[in-house]
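The values are calculated or read from the model by the stated rules, or taken from the named source; none is laboratory data. From a predicted model like this one, the values you see are computed outputs, not experimental measurements. Every residue, glycine among them, receives a Cβ derived from its backbone with ideal geometry; neighbour counts consider all protein chains shown.
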Amino acid sequence: MNPSRASWANTTHDWSGLVDAGHLARIRRSPEEFAPGGPQHLLLEVLAHAADEASSSSAGGGSCDVVLRADGSLSVRDFGRGTDTRVDEHGRTVKKPVMAMKDLRFFDFPQAGTLPDGHPRRGMSVVAALSDWLVHTNRRRNGAWTQRYEHGFPVTGLEPVEPDGTTGTLVRFRPDGAVRALGAPTPGGLLRLAGAWPQLEVRVDDRRSA
């Protein structure tokens, strides 16, 4: 029998919950605070997780692909271990609630981590809450799943997808209008900032003029 969910250690997020509506609402009330400079800051929030994976890789580093699209959506694909996903005592597949719950390391402790743009790191829930929609595809050695969020709230369950022999995550999201009004990412600016993570190779594909 699988161990109970209540026994799982909360290292970065609280496994006991799936959605913190008050937390998401707080973020949505203050886009200027949580996405200073606009979508580029949200991209850095996602890239920070890819950098974490790269720094812990036995290969001594990692890589990710960033795509900027004409519809205003952005995506980051990394090739790390994928988001922690477990089976609870009832046989249900449960993904660590990184999108809809606060990051216990950073959110209430802005002094704990800074992104390369000089602003506090808050976690992936900021990206989800400040996006019209976000799709998280997660590939691990024990399976692969995708899930869609709207303004931070999951609107689908974990839907299995066909394994392709890789591990890692693909996060595609469309920042909401209030965030897009704060600025636009540029490949050069993004690559310059990402240079703060020498262990992570970042490739940027700008398709906005296609």
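Tabulated results
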item	result
Residue in region 137-157 that is touching a residue at least 60 places away in the same chain (Cβ under 8 Å), out of contact with any helix residue (DSSP H, G or I) (no Cβ under 6 Å at 6 or more places or on another chain) and of a type in the set (S, T, N, Q) present	no
Selection from region 30-52 of residues that are more than 15 Å from Ser131 (Cβ to Cβ) and assigned to a helix (DSSP H, G or I)	Glu32, Glu33, Leu47, Ala48, His49, Ala50, Ala51, Asp52
Scan of region 141-181 for residues that are over 19 Å from the mean Cα position of the chain (by Cα) and buried (at least 19 other Cβ atoms within 10 Å of the Cβ), ordered by number	none
Filter result for Asp103 (of a type in the set (Asp, Glu), assigned to a loop (DSSP other than H, G, I, E, B) and at pLDDT 95 or above)	yes
Every pair of residues 6+ apart whose Cβ atoms lie under 7 Å, when the first sits in region 1-29 and is in contact (Cβ under 8 Å) with a residue 40 or more places away in the chain and surrounded by 12 or more Cβ atoms within 10 Å (Cβ to Cβ) while the second is hydrophobic (A, V, I, L, M, F, W, C) and assigned to a helix (DSSP H, G or I)	Leu24/Ala129; Ile27/Phe34; Ile27/Val126; Ile27/Ala129; Arg28/Ala129
Any hit, region 177-186, residues being part of a loop (DSSP other than H, G, I, E, B) and among the β-branched types (Val, Ile, Thr)	yes
Hits in region 115-133 (condition: in contact with a Lys or Arg (Cβ under 7 Å, 6 or more places away or on another chain), buried (at least 23 other Cβ atoms within 10 Å of the Cβ) and hydrophobic (A, V, I, L, M, F, W, C))	Ala129, Leu130
Selection within region 53-90 - within 14 Å of the chain's Cα centre (by Cα) and part of a strand (DSSP E or B)	Cys64, Asp65, Val66, Leu74, Ser75, Val76, Arg77, Asp78
Residue list for region 164-184, restricted to those being farther than 13 Å from Leu74 by Cβ and hydrophobic (A, V, I, L, M, F, W, C)	Ala178, Ala181, Leu182
